[in-house]
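**Q** Just dropping this structure here.
The values are calculated or read from the model by the stated rules, or taken from the named source; none is laboratory data. Only a predicted model underlies this, so the values are computations on that prediction, with no experimental measurement involved. As a convention, Cβ positions derive from the backbone with ideal geometry for all residues, glycine included, and neighbour counts pool all protein chains shown.
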Amino acid sequence: MTKAVIAATGLFTPEQSISNAELVEAYNAYAERFNARHANAIMEGDVAELTPSSVEFIEKASGIKSRFVLDKAGVLNPDRMAPNLAERPNDELSIMAEMAVKAARQAIEAWGKPVSEIGAVLCAASNMQRPYPAMAIEVQEALGIEGFAFDMNVACSSATFGIKTAADFIASGSVKAVLMVNPEVCSAHLNFKDRDSHFIFGDVCTAVIIEAEDQAVGGWEILGTRLQTSFSNNIRNNFGFLNNAAPEGIGKPDKMFVQQGRKVFKEVVPMVSDMIVDHARDLAINLDDLKRMWLHQANINMNEMIGRKVLGREPREGENVIILDRYANTSSAGSIIAFHLHNDGFDEGDIGLICSFGAGYSAGTVFVQKR
């Protein structure tokens, strides 16, 4: 059985960024107009008054200070509160494919090998721009890659599920190298009119090349992968093609991202912590030897608690990477951004952990060792 290696990564970051102060100003302007427009209904108790947001509230609740987005103007327009992303003709590269191609080209350049050596393309993300043709096939075509391609959706865990899938293809001998991309246009499924979640997400795309060990130069050997799911409604998005069959429901808040944050925190932290500890034990990895963790970037309080539970102590500087202060929650891409930006300082044999978790519930762990 051929072992798999993470050979290279790439990152596309949008040019536009929104600070908490800018986001709060836009939301509060919207809330003020909403409350004025529904003043009578609010007084009669038929409509709930919208509470202002604040920078302090956002940073205490999440640790997020800013986020990158594809379109800043639409998000910050109190009359719109959504990005302006025009639909493209079918003969033009789609928005998600364009992001993925940019991240992939960076990864391919770092890899230093021709795309002819890639046998499969996976597009793993929380939402796809369309059901078909698959985004992965469009990316494959744009990059001139032969072989096969398909989309997969496991919400915020999509990247680790994608790495596991790629490693299994390599182990079976199906291909020698796989390109996995994680384009996330989270601003398009975030309800910027909801105080409790309007600050959570950002846009980005990551790319990972997973390669057979016998042809890889350097990189990170995948020591083991593990996946876990458990059904929960605490994070949900009801948007889909069946909405057209019940048009009276179109436009309701549940057609965008909704969550019960406190329940998610209470249930996911122990689930993920136990999963990491159990997986490490089964791989005979001493957690004291774990040099760095690249966790899903959802909430700083979750990440810090998972770090403490896994290590049995307060993580030292650099052990538990946090990038959500600049990027916010980027769904499946978060742990890969952390890995891409902060995998320096490793000697041969040093061990790290890529871990993601989210809606489903779903979780994935990928232990890697520097080659």
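**Q** Report whether or not Pro89 is within 19 Å of Met135 (Cβ to Cβ) and exposed (fewer than 13 other Cβ atoms within 10 Å of the Cβ).
**A** Values: within 19 Å of Met135 (Cβ to Cβ): yes; exposed (fewer than 13 other Cβ atoms within 10 Å of the Cβ): yes.
Spelling it out, Pro89 is indeed within 19 Å of Met135 (Cβ to Cβ) and exposed (fewer than 13 other Cβ atoms within 10 Å of the Cβ).
**Q** Please work out if Ile285 is over 26 Å from Ser187 (Cα atoms) and in contact with a strand residue (DSSP E or B) (Cβ under 7 Å, 6 or more places away or on another chain). Walk me through how you get there before you give the answer.
**A** On the way: over 26 Å from Ser187 (Cα atoms): yes; in contact with a strand residue (DSSP E or B) (Cβ under 7 Å, 6 or more places away or on another chain): yes.
When the stated conditions are applied, Ile285 passes them.
**Q** Can you tell which of Asn237, Asn244 is within 21 Å of the chain's Cα centre (by Cα) and not small (Gly, Ala, Ser)? Break it down stepwise before answering.
**A** Working: Asn244 fails: within 21 Å of the chain's Cα centre (by Cα).
After applying the criteria, what remains is Asn237.
Matching residues to (1) assigned to a loop (DSSP other than H, G, I, E, B); (2) out of contact with any Leu (no Cβ under 9 Å at 6 or more places or on another chain); (3) modelled with pLDDT under 95; (4) farther than 19 Å from Phe201 by Cα:
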{"position": "Ala41", "(1), (2), (3), (4)": "no, yes, yes, yes"}
{"position": "Asp46", "(1), (2), (3), (4)": "yes, yes, yes, yes"}
{"position": "Arg67", "(1), (2), (3), (4)": "no, no, no, no"}
{"position": "Gly74", "(1), (2), (3), (4)": "no, no, no, no"}
{"position": "Asp79", "(1), (2), (3), (4)": "yes, yes, no, yes"}
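**Q** With the condition being touching an Asp or Glu at 6+ places or on another chain (Cβ under 9 Å), I'd like the strands (runs of 3 or more DSSP E) fully within region 107-224 carrying at least 2 qualifying residues.
**A** Values: elements: 120-124, 148-152, 177-185, 203-212.
Result: 120-124, 177-185, 203-212.
**Q** Looking at region 340-371, which of its residues are among the aliphatic types (A, V, I, L, M) and either within 21 Å of the chain's Cα centre (by Cα) or farther than 20 Å from Ile209 by Cα (or both)? Explain how you work it out, then say what you get.
**A** Applying the first criterion (among the aliphatic types (A, V, I, L, M)) to region 340-371 yields 341, 351, 353-354, 359, 363, 366, 368.
Once the filter is applied, which keeps residues that are among the aliphatic types (A, V, I, L, M) and either within 21 Å of the chain's Cα centre (by Cα) or farther than 20 Å from Ile209 by Cα (or both), region 340-371 yields Leu341, Leu353, Ile354, Ala359, Ala363, Val366, Val368.
**Q** So, one more: Consider region 333-350. How many of its residues are of a type in the set (Phe, Trp, Tyr), within 12 Å of Met293 (Cβ to Cβ) and either at pLDDT below 95 or in a loop (DSSP other than H, G, I, E, B) (or both)?
**A** Restricting attention to region 333-350, the residues satisfying the condition of being of a type in the set (Phe, Trp, Tyr) are 339, 346.
Keeping just the survivors that are within 12 Å of Met293 (Cβ to Cβ) gives 339.
Going one step further and asking which of them are either at pLDDT below 95 or in a loop (DSSP other than H, G, I, E, B) (or both), we end up with none.
Looking only at that region, the number is 0.
**Q** If you scan region 283-306, which residues turn out to be hydrophobic (A, V, I, L, M, F, W, C), over 17 Å from the mean Cα position of the chain (by Cα) and part of a loop (DSSP other than H, G, I, E, B)? Explain how you work it out, then say what you get.
**A** Restricting attention to region 283-306, the residues satisfying the condition of being hydrophobic (A, V, I, L, M, F, W, C) are 283-285, 287, 290, 293-295, 298, 300, 302, 305-306.
Pick out the ones that are also over 17 Å from the mean Cα position of the chain (by Cα) and you get 283-285, 287, 290, 305-306.
Leu283, Ala284, Ile285, listed by residue number.
**Q** Any residue in region 343-354 that's of a type in the set (D, E, K, R) and exposed (fewer than 10 other Cβ atoms within 10 Å of the Cβ): show its pairings with residues that are assigned to a loop (DSSP other than H, G, I, E, B) and modelled with pLDDT of 95 or more at Cβ separation under 9 Å, as long as the two are six or more apart or on different chains.
**A** Taking only residues 6 or more apart or on different chains, the pairs are Glu348/Arg371.
**Q** Residue by residue through region 17-46, note down the ones that are within 28 Å of Glu59 (Cβ to Cβ) and either of a type in the set (Asp, Glu) or touching an Asp or Glu at 6+ places or on another chain (Cβ under 7 Å) (or both).
**A** Asn20, Glu22, Glu25, Glu32, Asn35
**Q** Of the residues Arg292, Arg316, Arg326, only one is more than 17 Å from Ala155 (Cβ to Cβ) and without any contact (Cβ under 8 Å) to a residue 40 or more places away in the chain; which?
**A** Values: Arg292 fails: without any contact (Cβ under 8 Å) to a residue 40 or more places away in the chain; Arg326 fails: without any contact (Cβ under 8 Å) to a residue 40 or more places away in the chain.
Unique residue meeting the criteria: Arg316.
**Q** Something else about it: Here's a check for you: in region 1-35, which residue that is among the small types (Gly, Ala, Ser) and part of a helix (DSSP H, G or I) is surrounded by the fewest Cβ atoms within 10 Å (Cβ to Cβ)? Even if it seems obvious, please write down each step before you answer.
**A** Our first condition is that a residue be among the small types (Gly, Ala, Ser); within region 1-35, this holds for 4, 7-8, 10, 17, 19, 21, 26, 29, 31.
Still in the running and part of a helix (DSSP H, G or I): 21, 26, 29, 31.
Working: Ala21: 13, Ala26: 21, Ala29: 16, Ala31: 18.
Checked region 1-35; the qualifying residue surrounded by the fewest Cβ atoms within 10 Å (Cβ to Cβ) is Ala21.
**Q** Considering only region 58-83, state which residues are of a type outside the set (A, V, I, L, M, F, W, C) and more than 18 Å from the chain's Cα centre (by Cα).
**A** Step one: list which residues in region 58-83 are of a type outside the set (A, V, I, L, M, F, W, C), which gives 59-60, 62-63, 65-67, 71-72, 74, 77-80, 83.
Residues satisfying the conditions are Glu59, Lys60, Asp71, Lys72, Gly74, Asn77, Pro78, Asp79, Arg80, Pro83.
**Q** Within the set of pairs 6+ apart or on separate chains, which have a first residue in region 255-272 that is over 28 Å from Leu311 (Cβ atoms), a second that is crowded, with 20+ Cβ neighbours inside 10 Å, and C-beta atoms under 6 Å apart?
**A** Phe257/Leu190
**Q** Right, something else. Looking only at region 159-170, decide whether some residue is of a type outside the set (A, V, I, L, M, F, W, C) and closer than 22 Å to Arg326 by Cβ.
**A** Of all residues in region 159-170, those of a type outside the set (A, V, I, L, M, F, W, C) come to 160, 162, 164-165, 168.
Among the residues that remain, those that are also closer than 22 Å to Arg326 by Cβ are: 160.
Yes, the conditions are met somewhere in region 159-170.
**Q** Please verify whether Lys60 is surrounded by fewer than 17 Cβ atoms within 10 Å (Cβ to Cβ) and either modelled with pLDDT of 95 or more or touching a strand residue (DSSP E or B) at 6+ places or on another chain (Cβ under 8 Å) (or both), treating the condition exactly as stated.
**A** Details: surrounded by fewer than 17 Cβ atoms within 10 Å (Cβ to Cβ): yes; either modelled with pLDDT of 95 or more or touching a strand residue (DSSP E or B) at 6+ places or on another chain (Cβ under 8 Å) (or both): yes.
It is true that Lys60 is surrounded by fewer than 17 Cβ atoms within 10 Å (Cβ to Cβ) and either modelled with pLDDT of 95 or more or touching a strand residue (DSSP E or B) at 6+ places or on another chain (Cβ under 8 Å) (or both).
**Q** Does region 155-185 hold any residues that are in contact with a strand residue (DSSP E or B) (Cβ under 7 Å, 6 or more places away or on another chain) and surrounded by fewer than 24 Cβ atoms within 10 Å (Cβ to Cβ), and which are they?
**A** From region 155-185, those in contact with a strand residue (DSSP E or B) (Cβ under 7 Å, 6 or more places away or on another chain) are 155-167, 169-171, 175-185; that's our starting set.
Scanning region 155-185 gives Ala155, Lys164, Thr165, Ala167, Phe169, Ala171, Val175, Lys176.
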